[in-house]
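**Student:** Pasting in a structure now, in structure tokens, and then I'll have a few things to ask.
The values are calculated or read from the model by the stated rules, or taken from the named source; none is laboratory data. Bear in mind the structure is a predicted one, so any value in this text is a computation, not a measurement. Glycine also receives a Cβ, built like all others from the backbone with ideal geometry; neighbour counts cover every protein chain displayed.
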Amino acid sequence: MSTAKRRTAPSVINHLLAFEAAARLGSFRAAGEALSVTQGAVAQQVRTLEEKLGMALFERLPRGLCTTPQGREYLQRVQQALHIIEDATTELLAQGAPGDPHQVVLSTTPAFASRWLIPRLGRLAAAHPQIALMIDASDSTRPLTGKGAVDMAVRWGTAPFAGCHARHLLVGQALPVCAPSLRNAGDWQVPADLASAPLVSDSHNNWKRWFDHYGQPGTRFTGPAFSQTILAIEAAEQGMGIALVPALLVANALQAGTLVLALAGHELPTGAGFYILTGEAAAVGSAAALVTQWLEQEAAEPGQLQQVVSREPRS
């Protein structure tokens, strides 16, 4: 590209911005308001662009604008190009303006955040008061590198995880749990008894695997199904049915007595678990490394979960 063409690039961008806004909004007036310029300025920018291209991009109608066939095709390419420029600029600014080195953005599921992480945050604050942990609780995964990246994530799954550094955190065996009132009303002695019990499920479809694992293949069950594990747990606490969920997410509820085992000794080994994921191994001494170390220490703490898991249900 020649020097002269490079020098005219900003004006070309202005033409394209005016064209895109007018095409998207359907009028020069609306485009002018969006771009904080006059209606006449937008019209002139578009007119100049049409002259450069040697073709009309709009049909001027009494009540607005309509792109010509060539204009519609050109609009798609222009919008793609503008998005690329916007993304490149955002990434460059992010590189040039590093964030707070003591802030860590952690992405995880609502269930893990609510049932495992939040009850422990006081200990993180005591151990590392300089760290500001921001929790992004969503079932949607966030990127670990590039645009919109988070510093780390705790996610359910099985190794290996492509394109990131993974550290195993917690085993994911699932337990059948329910409200004490529901357990006291039920006479469940063997796995087959749960086929006629009220059940609630989440998106992991653990009940099918549980019945298969305990010799009841083909068992059909109905009941409320929730998109998030946290909702299935809350439904179980309210007595709606038996939920089959990771033990570590209901350990506190089992210890507090808001949930009990529906059938003792019948956990489901899922083969999955929670992992700490980062784009690359955290630098030694960094805030992300300290949070990782703290998470692993919390996961290794001996608790009463195994006692609760092996406890016989109350009749």
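**Student:** Write out, first by first residue and then by second, each pair whose Cβ atoms fall under 7 Å of each other, whose residues are 6+ apart or on separate chains, and whose first residue, in the range 275-293, is free of Cβ contacts under 8 Å to residues at least 12 places away in the same chain while the second is surrounded by 20 or more Cβ atoms within 10 Å (Cβ to Cβ).
**Tutor:** Once the first residue is free of Cβ contacts under 8 Å to residues at least 12 places away in the same chain and sits in the range 275-293, its partners that are surrounded by 20 or more Cβ atoms within 10 Å (Cβ to Cβ) give Ala289/Ala282.
**Student:** Against the definition (surrounded by 15 or more Cβ atoms within 10 Å (Cβ to Cβ) and not in a strand (DSSP E or B)), how does Leu194 come out, yes or no?
**Tutor:** yes
**Student:** Let me ask something else. For residues in the range 116-135 being touching a helix residue (DSSP H, G or I) at 6+ places or on another chain (Cβ under 7 Å) and more than 11 Å from Trp294 (Cα to Cα), which is surrounded by the fewest Cβ atoms within 10 Å (Cβ to Cβ)?
**Tutor:** It comes out as Pro119.
**Student:** Testing Ala264 on (1) assigned to a loop (DSSP other than H, G, I, E, B); (2) out of contact with any Lys or Arg (no Cβ under 8 Å at 6 or more places or on another chain); (3) over 30 Å from Val105 (Cα atoms), one condition comes back false. Which one is that?
**Tutor:** Unmet for Ala264, out of (1) assigned to a loop (DSSP other than H, G, I, E, B); (2) out of contact with any Lys or Arg (no Cβ under 8 Å at 6 or more places or on another chain); (3) over 30 Å from Val105 (Cα atoms): (2).
**Student:** Report yes if some residue within the range 178-200 is assigned by TED's automatic domain parsing to the domain that holds Ser227 and of a type in the set (Val, Ile, Thr); otherwise report no.
**Tutor:** Within the range 178-200, one or more residues are assigned by TED's automatic domain parsing to the domain that holds Ser227 and of a type in the set (Val, Ile, Thr).
**Student:** Return yes or no: is Arg220 surrounded by fewer than 17 Cβ atoms within 10 Å (Cβ to Cβ) and in a loop (DSSP other than H, G, I, E, B)?
**Tutor:** Yes: the conditions hold for Arg220.
**Student:** Determine the pairs where a residue that is not assigned by TED's automatic domain parsing to the domain that holds Leu248, located within the range 120-138, has a partner that is of a type in the set (A, V, I, L, M) with Cβ atoms under 6 Å apart, the partner being 6 or more residues away or on another chain.
**Tutor:** Taking only residues 6 or more apart or on different chains, the pairs are His128/Leu290; Ile131/Ala287; Leu133/Val104; Met134/Val105; Ile135/Leu106; Ile135/Ala113; Ala137/Ala113.
**Student:** A further question on this structure: How many residues, within the range 270-289, are in contact with a helix residue (DSSP H, G or I) (Cβ under 8 Å, 6 or more places away or on another chain) and more than 14 Å from Val150 (Cα to Cα)?
**Tutor:** Within the range 270-289, residues that are in contact with a helix residue (DSSP H, G or I) (Cβ under 8 Å, 6 or more places away or on another chain) and more than 14 Å from Val150 (Cα to Cα) number 3.
**Student:** Right, another one. (1) surrounded by 13 or more Cβ atoms within 10 Å (Cβ to Cβ); (2) touching a residue at least 60 places away in the same chain (Cβ under 8 Å): which one isn't true of Thr48, the others all being true?
**Tutor:** (2)
**Student:** Can you pull out every residue in the range 226-256 that is surrounded by fewer than 18 Cβ atoms within 10 Å (Cβ to Cβ), in a loop (DSSP other than H, G, I, E, B) and among the small types (Gly, Ala, Ser)?
**Tutor:** Result: Ser227, Gly239.
**Student:** Yes or no: Ala56 over 22 Å from Gln80 (Cα atoms) and of a type in the set (Gly, Ala, Ser)?
**Tutor:** It is false that Ala56 is over 22 Å from Gln80 (Cα atoms) and of a type in the set (Gly, Ala, Ser).
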